[in-house]
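J.: Take a look at this one; I'll ask things after.
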Amino acid sequence: MDRMFRVLAFWTGIFTVMFVIGEMPDAAILFLVQTVFFLTLSYLKLSERMYMYIFGAYLTVFMIGFTYYTGFLLEPSFRH
């Protein structure tokens with residue numbers, strides 16, 4: 001299970017680089033924090049059950065944040 005967190009760190013790192021190249025610093029910082037989080041967790045050698053609990057908590061926090069952002073902060077528009 002620790003390898004899957006390294007895979008998550010790899011992909012969030014790829015997104016970090018792409019956001020930096022695309023000049024989107026806020027998103028780049030957010031994904032950099034996630035990359036460090038996943039990479040740190042991958043080397044802790046926790047039990048598989050603990051990794052699943054942490055991932056479930058991560059998904060819960062993500063869904064709450066995403067729902068709050070799309071419900072209250074996002075301003076829909078069809079122009080640039």
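The values are calculated or read from the model by the stated rules, or taken from the named source; none is laboratory data. Model, not experiment: these values are computed from the prediction. Heads up, the Cβs are rebuilt from the backbone with ideal geometry, glycines too, and the neighbour counts pull from every protein chain shown. Heads up: the accessible areas ignore ligands, DNA and RNA and are worked out on the full protein's heavy atoms, side chains in. Shrake-Rupley method; radii C 1.70, N 1.55, O 1.52, S 1.80 Å.
J.: Which angle between 0 and 90 degrees, to the nearest 10, do you get for helix 25-42 versus the longest principal axis of the chain when only C-alpha atoms count?
T.: With both axes taken from Cα atoms, the answer is about 10 degrees.
J.: Tell me the chymotrypsin sites (Phe, Trp or Tyr not before Pro) within the chain that lie in a loop according to DSSP and have at most 11 other beta-carbon atoms within 10 Å.
T.: Passing sites in the chain are TYR43, PHE78.
J.: Could you pull out the trypsin sites (Lys or Arg not before Pro) across the chain that fall in loop regions by DSSP (anything but H, G, I, E, B) with no more than 15 other Cβ atoms inside 10 Å?
T.: Sites meeting the loop and neighbour criteria: LYS45, ARG79.
J.: What number comes out for the charge environment of SER47, summing +1 per Lys or Arg and -1 per Asp or Glu over other residues with Cβ under 15 Å away?
T.: Result for the neighbourhood of SER47: +1.
J.: Please report, in Å, the Rg and the Dmax of the chain, where both are computed over Cα atoms only.
T.: 14.9, 48
J.: Expressed as a whole percentage, what fraction of the accessible surface of the chain belongs to carbon and sulfur atoms when a 1.4 Å probe is rolled over the protein heavy atoms?
T.: 73
J.: Can I ask one more? Helix 48-68 against the longest principal axis of the chain: what's the angle in degrees, Cα atoms only, rounded to the nearest 10?
T.: Helix 48-68 and the main axis of the chain meet at about 10 degrees.
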